[in-house]
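Worksheet: the structure to be examined is printed underneath.
The values are calculated or read from the model by the stated rules, or taken from the named source; none is laboratory data. Computed from a prediction, not measured in an experiment: that's the story for all the values here. Please note: Cβ atoms are built from the backbone with ideal geometry, for glycine as well, and neighbour counts cover all protein chains shown.
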Amino acid sequence: MAVAAVTLDRVSFAYPDGQEALREISLEVAAGETLGLLGPNGAGKSTLLLQVNGLLRGTGTVRVGGLPLNDRTLDQVRAQVGFLFQNPDDQLFMPTVWEDVAFGPRNAGLPASGVRERVERALEVVQMREAAGRPPHHLSLGQKKRVALATVLATDCAVLVLDEPTSGLDPRGRRELAEYLTSLEQTKLVATHDLEFAVELCDRVAVLEAGRIAAVGDPRVVLADAELMERTGLEVPHSLRYHAAGVPHQHLAAEPHGRHPSTSRAGNRLPGE
Ligand SMILES: Nc1ncnc2c1ncn2[C@@H]1O[C@H](COP(=O)(O)OP(=O)(O)OP(=O)(O)O)[C@@H](O)[C@H]1O
Ligand SMILES: [Mg+2]
């Protein structure tokens, strides 16, 4: 059997002030899979992602490409993981956009021509080539997020761990990013509040609730579960209300007057369920 790209085995974590953030999380991301991590504010999404590159370490085991993360393997693991921080200010620290995006490829030992190629491609993808010479701290929030994404894409890592990649992006930027990420073959672990983005991009989603996994599965099934969405502070995405679970448009007229299909359990059922 192929080695899973990322495995968490009973990972628990509490912050130094005693705040418990992850409780016995077990999760596997297959090579090439895109797994979405959903859940309300404070559920533990960022804390979980930070375990994958060892920036936070709790109890239990984290494996990347089969390699258990520990003091000895930390650098090796980090070299496989491209990490997008939720806050772009945590990501950008060089004097110019270009230098920030070049940092990863340079660190990986690429020659100058290879670095240039990677930087140009990554800035092109996020449409920030014109800002290459600007100081990152002068950019708007959405522009910073784009550049932060470019720093990750330029590394060409086997595993991409992205914390809220669409936050701050304008609608077209969000759509183009979804399309671009879908075209990438890398394994992706993506925390997002953008549920439509999750439906478009993810092979599976996991819903976190107070540091525990409440559900894992096909986004079109998990996100169509109105009860689960209500309980976890999420919402059935628009696209799944009207196309949910094989309920064709024309059947909506048959719904009792004033009743929205998303409030009907039957409306959220999959064929054969
Ligand atoms: N540095 C910290 N010190 C103490 N507690 C923290 C710290 N960072 C986060 N927490 C707590 O850990 C829990 C999980 O936080 P986390 O940032 O992982 O949530 P999240 O799901 O990413 O939320 P959001 O959707 O707002 O990004 C929350 O209760 C939060 O208050
Ligand atoms: Mg977060």
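If you go through the range 42-57 and pick out every residue that is away from ligand 2 (no atom under 16 Å from the Cβ) and crowded, with 17+ Cβ neighbours inside 10 Å, you end up with 1. Restricting ALA102, ALA108, ALA31, ALA112 to residues that are at pLDDT below 95 and either away from ligand 1 (no atom under 16 Å from the Cβ) or in contact with a His (Cβ under 9 Å, 6 or more places away or on another chain) (or both) narrows the list to ALA108. What number of residues within the range 46-64 are more than 14 Å from ligand 1 (Cβ to nearest atom) and either closer than 12 Å to ASP9 by Cβ or in contact with a Ser or Thr (Cβ under 9 Å, 6 or more places away or on another chain) (or both)? Qualifying residue count, the range 46-64: 7. Listed by position, the strands (runs of 3 or more DSSP E) contained in the range 56-169 that have at least 1 residues being touching a Phe, Trp or Tyr at 6+ places or on another chain (Cβ under 7 Å) and touching a residue at least 24 places away in the same chain (Cβ under 8 Å) are 159-163. Can you confirm whether LEU208 is within 16 Å of ligand 2 (Cβ to nearest atom), in contact (Cβ under 8 Å) with a residue 24 or more places away in the chain and buried (at least 16 other Cβ atoms within 10 Å of the Cβ)? Against the criterion (within 16 Å of ligand 2 (Cβ to nearest atom), in contact (Cβ under 8 Å) with a residue 24 or more places away in the chain and buried (at least 16 other Cβ atoms within 10 Å of the Cβ)), LEU208 qualifies. Selection of the range 1-21 for residues being over 17 Å from the mean Cα position of the chain (by Cα) and crowded, with 20+ Cβ neighbours inside 10 Å yields VAL11, PHE13, ALA21. Inside the range 204-227, residues that are in a strand (DSSP E or B) and not charged (D, E, K, R) make up a count of 9. Only residues that are β-branched (Val, Ile, Thr), in a strand (DSSP E or B), away from ligand 2 (no atom under 16 Å from the Cβ) and touching a residue at least 60 places away in the same chain (Cβ under 8 Å) were counted in the range 1-41, giving 3. ALA178 meets the conditions (1) over 20 Å from PHE85 (Cα atoms); (2) buried (at least 18 other Cβ atoms within 10 Å of the Cβ); (3) away from ligand 1 (no atom under 16 Å from the Cβ); (4) free of Cβ contacts under 8 Å to residues at least 60 places away in the same chain in every case but one. The failed one is (1).
On inspection, GLN76 fails the criterion of being over 28 Å from VAL29 (Cβ atoms) and more than 16 Å from ligand 1 (Cβ to nearest atom).
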